[in-house]
1. So residue B:369 passes all but one of these: (1) part of a helix (DSSP H, G or I); (2) within 14 Å of chain A (Cβ to nearest Cβ); (3) buried (at least 24 other Cβ atoms within 10 Å of the Cβ). Which condition number does it fail?
2. So is residue A:161 under 25 Å from residue B:81 (Cβ atoms) and either within 14 Å of another protein chain (Cβ to nearest Cβ) or modelled with pLDDT under 95 (or both) or not?
3. I'd like the full set of residues that are under 30 Å from residue A:25 (Cα atoms) and within 14 Å of chain A (Cβ to nearest Cβ), limited to the stretch B:34-63.
4. Does residue B:233 fit the bill of being at pLDDT 95 or above, in contact with a strand residue (DSSP E or B) (Cβ under 6 Å, 6 or more places away or on another chain) and under 28 Å from residue B:179 (Cα atoms)?
5. So which residues in the stretch A:119-162 are in contact (Cβ under 8 Å) with a residue 12 or more places away in the chain and within 30 Å of residue B:21 (Cα to Cα), if there are any at all?
6. Would you be able to tell me the number of residues in the stretch B:145-176 that are within 12 Å of chain A (Cβ to nearest Cβ), over 20 Å from residue A:55 (Cα atoms) and in a loop (DSSP other than H, G, I, E, B)?
7. Against the condition in contact (Cβ under 8 Å) with a residue 40 or more places away in the chain, over 20 Å from the mean Cα position of the chain (by Cα) and part of a helix (DSSP H, G or I), how does residue A:45 come out, does it pass?
8. Given the criteria out of contact with any helix residue (DSSP H, G or I) (no Cβ under 6 Å at 6 or more places or on another chain) and touching a residue at least 40 places away in the same chain (Cβ under 8 Å), does residue A:15 qualify?
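The values are calculated or read from the model by the stated rules, or taken from the named source; none is laboratory data. What you see is a predicted model; the values in this text were computed from it and never measured. Methodologically, a virtual Cβ is constructed for each residue, glycine included, from the backbone with ideal geometry; neighbour enumeration extends over all protein chains shown.
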């Protein structure tokens with residue numbers, strides 16, 4: 001029961017840290033003014049166009065595709081396999097399981113392999129490509145190690161040493177409804193959950209901030225209309241009231 | 001003299017092996033106290049520079065969303081690593097955009113993030129030391145702020161924003177760059193980068209009018225400070241004297257002449273360039289932009305048109321309305337400002353210019369998209385007009401046009417190597433090496449398609465190419481102004497002496 005209590009507490013803490021940390025960062029990004037119009041052109045000239053540009057960026061990694069087809073392939077496969085895997089995991093937090101979660105279950109089951117393959121390929125680049133090796137720091141390797149660990153331990157449980165999934169689901173639902181249930185003391189599961197906890201704590205204080213950050217990137221989210229509409233940041237507007245050379 | 005004087009042309013897109021530190025010693029002359037103080041910066045490196053630098057970085061993080069997001073967002077994916085012309089030309093890993101950014105990012109992490117404060121080794125955070133400052137001074141002056149890396153970054157991280165911030169920090173601790181800061185002082189005092197005073201400007205342009213008349217037999221005017229003119233032309237001051245820039249200026253004058261337009265140059269705002277962008281100073285940039293506003297108001301013009309200049313057009317198109325607007329005193333029928341290419345293309349489309357393409361038959365042209373026009377601005381109403389309009393003009397005035405390799409033009413264009421405040425003799429080595437991707441692409445079309453000349457619409461590009469092309473075995477006269485081609489092709493007619501008014505448009509067009 002001690003193990004269950006520790007993990008329950010850690011999951012509450014990690015969730016709080018993740019939510020508060022991300023909210024803090026997002027608020028900071030949103031409230032920091034962008035003094036000048038700097039979309040990388042050619043850029044959309046309407047707000048709708050910007051929404052489409054951002055969608056292409058987030059859903060298809062458009063810019064990365066322009067840059068390097070291999071990095072794009074590995075990166076895209078990893079991210080979308082992970083998305084499927086995460087969505088598939090909703091079945092452990094919902095009762096009854098939502099029908100669309102059931103629908104993706106067959107794909108989600110195998111997406112774990114694609115996720116792992118993508119991660120390993122991305123990691124290999126950090127050793128094999130001289131330029132990427134040069135820019136990779138310890139945290140970059142550790143981050144990949146963490147994600148590989150999560151994916152591998154998950155696949156282990158799915159395909160090699162099954163855990164007591166019914167008890168695990170009871171534990172998860174217990175967390176949500178504040179009706180704590182015991183966590184199966186299965187080493188692979190404990191490893192899997194521990195790594196996930198680390199990921200949750202690391203997210204708001206690491207480069208994983210690229211996920212919310214991309215939406216705030218002025219070179220991607222600004223409308224190209226500086227001649228039509230005057231763009232003015234509050235701190236820059238304050239300079240306007242100072243006397244200048246004009247009449 | 002130096003070992004870079006004979007540079008072999010690379011196979012296109014050959015990515016160099018890393019050569020750490022090879023460009024470490026390449027740094028520009030430091031601004032003298034007088035140049036610094038004229039802009040309100042400390043004359044020399046202040047005693048508590050570390051503290052001041054970190055304080056300034058903190059201030060900039062508050063003021064710029066781009067800087068804040070870009071400091072956090074990089075995942076070191078490597079997408080940008082082979083995109084910078086200075087990296088491709090030197091192999092110095094600190095010229096890879098991500099590594100250049102990291103020079104500032106490691107300081108940001110150390111002083112502004114949890115992980116960097118407590119786990120510096122893990123996340124590559126470092127104390128701000130003299131060595132770091134030296135690296136900043138070298139490598140943030142090996143970025144031409146061309147934004148090519150920002151095209152390929154999955155988060156749109158724009159190294160230009162980061163090098164601007166770094167230069168702004170260095171200015172504020174007393175380590176500014178001589179070239180940019182000295183020039184800005186001249187603009188504030190005299191009105192242009194050259195320090196060309198009103199009298200000299202008027203004389204120069206009168207001489208130029210005579211030259212045009214001698215050559216064409218037509219009196220084409222280049223008015224200065226003409227109150228009540230409809231159009232204020234703001235053009236880089238290099239257009240007044242340098243080659244091939246001046247041939248472009250003659251082209252603008254002929255276009256205005258044929259359109260029967262009433263126009264003028266201002267001596268007070270006789271400079272389109274705004275070098276304050278290079279040093280990342282919003283305040284300085286605003287002061288320079290306000291000169292243009294004041295000139296337009298004093299002369300009572302209805303429209304503002306910019307001549308051929310890359311970063312000037314970025315500042316004009318993207319920033320001027322913000323910096324010195326609103327321009328509600330101008331004629332709302334026209335965008336503020338307009339590019340000379342927009343103006344000329346409009347006349348061509350309306351069939352108001354008589355053009356003899358055969359006048360350019362001795363040349364086969366290619367077009368160099370200037371980086372700041374390509375990735376920091378637009379022309380016309382639709383995205384990409386900045387690529388289509390200049391090409392449309394060239395095709396309207398020349399019979400022979402060939403584009404360079406697709407990955408080296410339009411949004412993927414390579415900087416000339418001299419942008420971003422690097423167009424100074426003390427940076428000749430990096431300028432020469434940084435030009436190699438563009439030169440390689442040019443060589444290819446020279447060999448394969450018989451290209452003889454390259455047209456550009458930027459004063460910096462033109463100066464840079466005229467200077468470095470001989471190193472790559474191409475004559476310095478092979479770089480031409482776009483409006484020089486227009487100038488060659490345009491058929492002038494002789495209006496009655498006293499009738500250079502807009503009303504004569506019809507007669508002029510049907511000549």
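1. (1)
2. On the way: under 25 Å from residue B:81 (Cβ atoms): no; either within 14 Å of another protein chain (Cβ to nearest Cβ) or modelled with pLDDT under 95 (or both): yes.
So residue A:161 fails the test.
3. Applying the first criterion (under 30 Å from residue A:25 (Cα atoms)) to the stretch B:34-63 yields B:49-63.
B:57, B:58, B:59, B:60, B:61, B:62, B:63 - these are the residues of the stretch B:34-63 that are under 30 Å from residue A:25 (Cα atoms) and within 14 Å of chain A (Cβ to nearest Cβ).
4. Working: at pLDDT 95 or above: yes; in contact with a strand residue (DSSP E or B) (Cβ under 6 Å, 6 or more places away or on another chain): yes; under 28 Å from residue B:179 (Cα atoms): yes.
It is true that residue B:233 is at pLDDT 95 or above, in contact with a strand residue (DSSP E or B) (Cβ under 6 Å, 6 or more places away or on another chain) and under 28 Å from residue B:179 (Cα atoms).
5. Across the stretch A:119-162, the qualifying residues are A:121, A:122, A:123, A:125, A:126, A:139, A:140, A:141, A:143, A:144.
6. Counting residues in the stretch B:145-176 that are within 12 Å of chain A (Cβ to nearest Cβ), over 20 Å from residue A:55 (Cα atoms) and in a loop (DSSP other than H, G, I, E, B) gives 3.
7. On the way: in contact (Cβ under 8 Å) with a residue 40 or more places away in the chain: yes; over 20 Å from the mean Cα position of the chain (by Cα): yes; part of a helix (DSSP H, G or I): no.
For residue A:45, the condition - in contact (Cβ under 8 Å) with a residue 40 or more places away in the chain, over 20 Å from the mean Cα position of the chain (by Cα) and part of a helix (DSSP H, G or I) - is not met.
8. Working: out of contact with any helix residue (DSSP H, G or I) (no Cβ under 6 Å at 6 or more places or on another chain): yes; touching a residue at least 40 places away in the same chain (Cβ under 8 Å): yes.
Here the answer is yes, as residue A:15 does meet what is asked.
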